[in-house]
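Trainee: Sharing a structure with you now.
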Amino acid sequence: MKKGFKLILSVLILVFLIPQFGLAQEKRDFFKVGVVTSLSGELAFGGTVTKRGYDLWADTVNALGGIEIEGKKYKVTLVYADDQSTPATAAVAAERLITQENVDFILGPYASGTTLALAPIAEKYKIPHITGSAESPLIWKRKFKYTFGTIPAVSLIAQASIQTLAKDVTPKPKTVAILGIDDAFSKFAAEAFKMSAEKEGFKVLKYDIVPEGSDYTPQVSAIKALKPDIFAMGSHEKAAIEMIKIAKELKFNPQAFVQHYGMTTPDFRKGLGKDAEFVLGTSVWTPNMKHQATLLFKNPKEYANAFKAKFGDEPEYTNAGSTAAGIAFQEALRMIKAKPPLTQENKDALISALEKLNIMTFYGQVKFAVEGDFYHCNAGLQPVAIQYQGGKLVEVGPGKLQVVAPKFPTPSWDKR
């Protein structure tokens, strides 16, 4: 009986240990990269933005034969998991990629809420994770060891459009109303608008945070009654499209519409058509920037051409940030000369390499902060204000970053 019990116990121990040791025993000559993003649900449009950026990185690397480590090239395989636009599913998806797919590292979600749910899973399993999209300051304030991000926090980005309206238009507007969505990202975008507006001397007539998926008509109607010069929206593109459509129905004519994040995406343009004209927003990357690099893409123009050839659309900064996340992993792997599959020792070394990384890419500098409120965020990029003019996005400020003068004030709906 004792021998039989010991045998059963030994089998049970092996069953529980195999998932933990599966990665070390696996043999392959390619990097297996887990990707968690929104392929369905409320944020599927944003998930497509990140997916395209990650796919372009992998396809470009593989077309060159793979990532070169000590004279040999190793291709990358992306294994996708749908977070269904919910934080709980993001955590489950990440755990499955790690324990069942044995991925070497993770490229992270589109949204901040799902990223905040995934990050503790990366900590639990000690697996490197870079998001090419999420912008909530909460991510970096929590100082996750295994999570990094290529896009600066929204608190650093969103202010550029407000600064442009304060310094680069005449006559200077005086008042602003702000409507934000209650999620991990959007409310911080709204907060950034508020802080920047107060700093620039604007009077904030209204600051309101509402649940996602609400009927925004009452809030927009209340804002219209206050007659603000600027209407600023802290939201993803779907909510912003709805708010602008409501403003048109109500014949609400502020001098400027400002939005973050979403106005840079193809979905925003398609959703509003000509009504996207004159909307202001912010970016940390455009195809017109002058970055020079030697990693995959020599400059923003080359990247934009490759993106358009593959997907038929112009890229925007989250596409670029997602591709840059892949480049960051690729260069860190080269630094530590790690070959697939990665051991835990390799993964820890990869974290150290990412903390030391300082590279110039087509997207700009990638250098992750290693202390402070933006820990592991690529916080050093310069935000630029952009505006739809003639159906295209152009750089309108602030100050020396201006390529084209902003069109201001926005014509009323009946005069467009």
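The values are calculated or read from the model by the stated rules, or taken from the named source; none is laboratory data. The structure presented is a predicted model; accordingly, all values stated were derived computationally and were not measured. So basically every Cβ, Gly included, is an ideal-geometry build from the backbone, and we count neighbours across all protein chains shown.
Trainee: Considering each residue of segment 296-313, count those that are outside any helix (DSSP H, G or I), at pLDDT 95 or above and not small (G, A, S), and give that number.
Mentor: 4
Trainee: Could you grab me the full set of residues in segment 331-346 that are surrounded by fewer than 21 Cβ atoms within 10 Å (Cβ to Cβ), in a helix (DSSP H, G or I) and out of contact with any helix residue (DSSP H, G or I) (no Cβ under 6 Å at 6 or more places or on another chain)?
Mentor: Across segment 331-346, the qualifying residues are E331, R334, Q344, E345, N346.
Trainee: Filter segment 400-416 for residues that are crowded, with 17+ Cβ neighbours inside 10 Å and in a helix (DSSP H, G or I) and give the result.
Mentor: L401
Trainee: Restricting segment 208-220 to residues that are at pLDDT 95 or above and among the charged types (D, E, K, R), which is surrounded by the fewest Cβ atoms within 10 Å (Cβ to Cβ)?
Mentor: D215
Every residue, every condition in (1) touching a residue at least 60 places away in the same chain (Cβ under 8 Å); (2) surrounded by fewer than 15 Cβ atoms within 10 Å (Cβ to Cβ); (3) over 25 Å from L381 (Cα atoms), yes or no:
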{"residue": "K206", "(1), (2), (3)": "no, no, yes"}
{"residue": "A222", "(1), (2), (3)": "no, yes, yes"}
{"residue": "H236", "(1), (2), (3)": "yes, no, no"}
{"residue": "K274", "(1), (2), (3)": "yes, yes, yes"}
{"residue": "Y303", "(1), (2), (3)": "yes, no, no"}
{"residue": "A306", "(1), (2), (3)": "yes, no, no"}
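Trainee: Suppose we keep only residues that are at pLDDT 95 or above and in a loop (DSSP other than H, G, I, E, B) within segment 153-169. Which one would you say is surrounded by the most Cβ atoms within 10 Å (Cβ to Cβ)?
Mentor: Among those residues, the one meeting the criterion is A153.
Trainee: Which residue, of T131, T150, is surrounded by 24 or more Cβ atoms within 10 Å (Cβ to Cβ), of a type in the set (V, I, T) and either free of Cβ contacts under 8 Å to residues at least 12 places away in the same chain or touching a Pro at 6+ places or on another chain (Cβ under 7 Å) (or both)?
Mentor: Result of the check over T131, T150: T131.
Trainee: Please tell me if A328 is in contact with an Asp or Glu (Cβ under 7 Å, 6 or more places away or on another chain), buried (at least 18 other Cβ atoms within 10 Å of the Cβ) and not in a loop (DSSP other than H, G, I, E, B).
Mentor: For A328, the condition - in contact with an Asp or Glu (Cβ under 7 Å, 6 or more places away or on another chain), buried (at least 18 other Cβ atoms within 10 Å of the Cβ) and not in a loop (DSSP other than H, G, I, E, B) - is not met.
Trainee: Just one of M263, M195, M243 is crowded, with 24+ Cβ neighbours inside 10 Å and either assigned by TED's automatic domain parsing to the domain that holds A405 or under 30 Å from F311 (Cα atoms) (or both); which is it?
Mentor: Of M263, M195, M243, the one residue that is crowded, with 24+ Cβ neighbours inside 10 Å and either assigned by TED's automatic domain parsing to the domain that holds A405 or under 30 Å from F311 (Cα atoms) (or both) is M263.
Trainee: Pull out all pairs, ordered by first then second residue, where Cβ-Cβ is under 6 Å, the residues are six or more apart or on different chains, the first lies in segment 357-379 and is closer than 12 Å to A328 by Cα and touching a residue at least 40 places away in the same chain (Cβ under 8 Å), and the second is assigned to a strand (DSSP E or B) and among the aromatic types (F, W, Y).
Mentor: These pairs meet every condition: F368/F148.
Trainee: Something else about it: From the list K51, K72, K32, pick out the single residue that is of a type in the set (D, E, K, R), surrounded by fewer than 16 Cβ atoms within 10 Å (Cβ to Cβ), assigned by TED's automatic domain parsing to the domain that holds I336 and at pLDDT 95 or above.
Mentor: Exactly one residue qualifies, and that residue is K72.
Rundown of residues vs (1) among the hydrophobic types (A, V, I, L, M, F, W, C); (2) not in a helix (DSSP H, G or I), yes/no style:
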site	(1), (2)
Q84	no, yes
T89	no, no
L116	yes, no
I130	yes, yes
E135	no, yes
K145	no, yes
I151	yes, yes
